[in-house]
Every structure is written in structure tokens, then in C-alpha cells.
Amino acid sequence: MQIYPWHESQWQQVSSRLQQLTLPHSLLLIGPQGLGKFAFAYELAQRLLCLTPKDNHACGHCRSCDLMQAETHPDYLLIEPEETGKAIKIDKIRRLIDFQQKTSQQGGAQVVLIHGAEAMNRASANALLKSLEEPQGTTYFLLVTSHPHSLPATVRSRCQMLRFSPQSQAIDWLLKEGVDAQRAEHCLRVCEGAPLSALALAQDAEGDLRGDILADMQGLVSQSLDPLSVAEKWKNWPQGALMAWLMSIINDMVTIQVSGKISRHSDHKAALQGLSSCLAPGHWFALNDQLIQQKRLTDSHIALNILLFWEDFLLSMSSAIERP
Ligand SMILES: [Zn+2]
């Protein structure tokens, strides 16, 4: 049973509504990526379908729980894009309509879980809207998204929002996962508090990705490396971590120029101080804008040529370097 410590208040909220028989039939689970919202939704689906729930959780051994574990539950429908970055097409939503018209086969509720709901195209969202407007029997819709504003307002307004946010328990959890305190705090800050992303970043950082980024930037300044070969290398690095580190490093570069202080990467003080003065603040801001723009495209599942982006980014950086 996968309830993370930072899910507890939402779980209690849902459980008490269930007990009072007032749980809305359409829930929209929102919050930054890396908080385990899908795990929560899946756990809730199990709980809703379980025939003999115990202490607000699925029992784990009734016929319904067995079917969930075997991934063959006839009253559970998972809808998600075929691949990350692709849209949820209308044929998937049509399956939903068929599913909804059948009566529950196990005699309990029916659950539709839409994972990455922002990936629905317009036709899909419109078709879903019909189902949300005319709920049948005991069907629950659980929509999960990290980008609620990419969903049509009409869909959002049919759902009760369940917000997930990073909590103070995140640090304790990361410590238990074996991340040391300083790194835990650091990675959480870079990942806007999302514990699962922070863990992934902390584990990446063990290979010292941040040190590698700084070394490549220094290589560009000293001209011992050329932008195109660095781009070729960066395209193979974990993109989420690379973007997060770069934005956070650039933030420090600007802070150093403005106040002389380093706020995030004080453990790489010498490298940062050396690099920060190589570009005028305006150029650092422009590079940061390029990253934000790229992240926005990645987040909206638009297929991208990563190599081309890094070539462009590193060439801009390289040409902005002020050499004496
Ligand atoms: Zn059960």
C-alpha cells in the first residue's frame, strides 16, 4: 500500500467523504510532478473497488483486490497516452463510454483513472465531458495532471479538485531513502519541493551531474571544448535533472553578480564565481528564458529535437562569453 507521508491529509479527506457517502464522482488530482499523484489515485481506485475495505484501505485479498493485483479488473479502466508526449486520442475515450455503459461486474463501483489528463486532445476532452455531465451508477472518475491549466475549463469545473503540495515530511522521507541532509534540502529546492523528483535528482547527483555541467561550462569559456560536442554529450544526459541544475546554476550566476553572494551552490563556489562574470547579466537571463521555454514545451508533450536545442543553447552561451 503506497501512501506517501505527504499524502496523508488528502487520504483522510477522501476517506471521511467516502464514509459520509459524499465523495464526488469526479476528482481532479493536481500538483507538481514528482509527488506520486498517480500512486495515490491508484490506491484510491483499489479502495473504491474493494469489496471489504478495512481501516479506510483496500483489504488486499478480496476478489476485487485480487483482480486489481492481476491487472484484470473488469470495473477498472486506466486511460493514458500510449507514449509520453503523445495525445490521448478519442478512441480511448470511446472505450470509456462503452465501459461506463456496462454495469459493474463485481457488484461494486466502477473506476476510470485518467493519467496525464492534460494530454487529451480537444475531441477527447469533449467526449469525456459528456460522461462527466451524465454520471452513470457508481462510476468514479479520477483525473491526474501536473498541468491543470492545459485542461479545458469545462472539464475542470466538472471535477472536485484535490490538491497535492510538497510538505515538510518530504525531507524526513528523503533522509529515510538514504539521501544526506544537505543534498536532500538542496534537491528539494531545485525540484520545487517534489520529493520523488528530488530523490531522482539526488540519485543522479551521485554521478555528480552538477560538477560535470560546471566543468563543461568552464571548458566553453577556456575554449578547450566546443559547443557542438558539448551538445552531443548533453543530449544523452537525464534531461529533467540537467534542466533543473542549469536553471538553478544560472540563478546563482545572476545572484552573484547582483549581490556577490551564492544562494544555492555554495559547495561549488570557486567555479561559479569564475563563470558568473564571463557573461553579462542580460545574457544569463536570456539563457534562462531559453531553458524555461524548452521546459514548457517538454511539459506540454511536444516532440522536440533535443540535440538541436542544446546546440542552439550552447552556441548562444558561447557567443556571449566575454573574453579579455
Ligand atoms: Zn479488497
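The values are calculated or read from the model by the stated rules, or taken from the named source; none is laboratory data. Source: prediction; values computed, not measured. So basically every Cβ, Gly included, is an ideal-geometry build from the backbone, and we count neighbours across all protein chains shown. We work out accessible area using only protein heavy atoms, side chains counted, and drop any ligands, DNA or RNA first. Shrake-Rupley method; radii C 1.70, N 1.55, O 1.52, S 1.80 Å.
Things to note:
- Condition met for TYR76 (within 16 Å of LEU142 (Cβ to Cβ), within 16 Å of the ligand (Cβ to nearest atom) and either touching a Pro at 6+ places or on another chain (Cβ under 8 Å) or open to solvent by 50 Å² or more (accessible area, probe 1.4 Å) (or both)): no
- Among the residues of region 162-178, just one is in a loop (DSSP other than H, G, I, E, B) and buried (at least 21 other Cβ atoms within 10 Å of the Cβ), namely PHE164.
Residues are listed down the side, and each one gets a yes or a no for (1) under 15 Å from GLY36 (Cβ atoms); (2) open to solvent by 20 Å² or more (accessible area, probe 1.4 Å):
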| residue | (1), (2) |
| --- | --- |
| LEU132 | no, no |
| PRO135 | no, yes |
| TYR140 | no, yes |
| GLN160 | no, yes |
| ASP180 | no, yes |
| CYS187 | no, no |
| ALA200 | yes, yes |
| ASP204 | no, yes |
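- Condition met for ASP98 (within 23 Å of GLN46 (Cα to Cα), open to solvent by less than 10 Å² (accessible area, probe 1.4 Å) and not aliphatic (A, V, I, L, M)): no
- Taking every residue in region 39-68 that is farther than 17 Å from THR138 by Cα and more than 6 Å from the ligand (Cβ to nearest atom) and pairing it with any residue that is in a helix (DSSP H, G or I) and among the hydrophobic types (A, V, I, L, M, F, W, C), at least 6 positions away or on another chain, yields no pair with a Cβ-Cβ distance below 6 Å.
- When residues in region 35-63 are screened for being closer than 30 Å to ALA244 by Cβ and open to solvent by 20 Å² or more (accessible area, probe 1.4 Å), 3 of them pass.
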